[in-house]
Amino acid sequence: MRRVLIVVDMQNDFVDKKGALSSPAARNILPFVRAKVQATLAQGDEVVFTLDTHQEDDAEFAKFPPHCLEGSWGQQLVPELKQLLTAKVADRVHMVEKNRYSGFFRTDLEEYLGLAEDNGRQAVAEVGLVGVCTNICCYFTAEELANRDVPTKVFAQGVASFDEEAHFFALEQMKTVLGIEVV
């Protein structure tokens with residue numbers, strides 16, 4: 001059975017104190033996320049890291065300050081997670097650069113998970129999800145998984161948002177509307 005943990009946007013600009021859109025909530029989940037990545041890799045399962053990635057003229061900057069510019073420090077995975085990516089686990093780690101809220105929009109995530117028609121990869125049987133922001137990128141990636149009928153588990157201790165009310169609303173929507181297991 002193929003299991004994948006998707007780690008959404010745990011990047012310097014969202015997590016580090018000096019990041020353009022950082023929040024204490026994102027820093028608070030980092031130990032849990034790190035432990036979840038370690039446990040997933042130790043079990044022989046796969047980890048996908050989504051990386052929010054923008055050009056200087058990205059339309060998203062009309063809504064949010066510039067962040068995660070391609071090739072910048074802010075776009076990089078946080079060091080606490082990056083240090084787990086050794087040669088020993090390289091074949092079970094996949095990076096997905098995205099420039100929209102969903103990890104699926106114009107990326108290879110559908111193909112990597114074996115969900116695209118006739119791509120020859122074994123389809124993922126179960127997905128776990130952690131990262132930031134609960135009500136934005138985590139929610140829209142979870143919604144895409146639900147639309148593809150992929151059994152998905154969101155770890156409440158491993159997701160966070162700069163907006164606490166929206167965080168709890170999104171978790172409730174994932175559970176009641178999308179049918180996602182929130183643990």
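What follows is calculated from the coordinates using simple rules that are stated; it is not laboratory data. From a predicted model like this one, the values you see are computed outputs, not experimental measurements. Here Cβ is always computed from backbone atoms with ideal geometry, including for glycine, and neighbour counts include all displayed protein chains.
Pair-distance distribution P(r) for the chain, from all Cα-Cα distances in 10 Å bins starting at 0: 10, 41, 38, 11, 0 percent. Largest mean-square fluctuation among Gly71, Gly103, Gly114, in a Gaussian network model of the chain whose springs join Cα atoms under 10 Å apart, belongs to Gly71. Calculated FRET efficiency, Lys175 to Glu110, Cβ-Cβ distance, R0 = 30 Å: about 0.80 to the nearest 0.05.
Each of Val182, Val130 was scored by other Cβ atoms within 10 Å of its Cβ. Listed from fewest to most, they are Val182, Val130. Of all lysines in the structure, the ones whose alpha carbon falls short of 25 Å from that of Lys153, not counting any fewer than 8 places away in one chain, are Lys36, Lys82, Lys98, Lys175. Counting only aspartates and glutamates at least 8 places from Lys17 when in the same chain, those with an alpha carbon closer than 17 Å to its own are Asp9, Glu80, Asp163. Taking Arg121, Arg92, Arg100 in turn, the Gaussian network model of the chain (Cα-Cα springs below 10 Å) assigns the largest fluctuation to Arg121. Counting every other Cβ atom within 10 Å of each residue's Cβ, Cys137, Cys68 order from fewest to most as Cys137, Cys68.
Over the chain, dividing the summed -39,500 (n - 2.57) contributions of all DSSP H runs of at least 4 residues by the number of residues returns a 222 nm mean residue ellipticity of -8000 deg cm²/dmol. Normalised Debye scattering of region 17-61 at q = 0.25 Å⁻¹ gives log10 I(q)/I(0) of -0.97, counting only Cα atoms as equal scatterers and leaving out solvent. Remark: Met10, Met1, Met95 ranked as Met1, Met95, Met10, counting other beta-carbon atoms within 10 Å and listing the fewest first. Comparing mean-square fluctuations of Ser161, Ser72, Ser22 from a GNM of the chain with C-alpha springs under 10 Å, the top value falls on Ser72.
Structural descriptor for region 3-182: relative contact order 26 percent, calculated from alpha carbon pairs under 8 angstrom and at least 6 residues apart. Applying both filters, DSSP loop and at most 16 other Cβ atoms within 10 Å, to the GluC sites (Glu not before Pro) of region 111-183 gives Glu117. Loop-located trypsin sites (Lys or Arg not before Pro) across region 1-34 with a Cβ neighbour count of 15 or fewer within 10 Å are Arg2, Lys17, Lys18, with loop assigned by DSSP.
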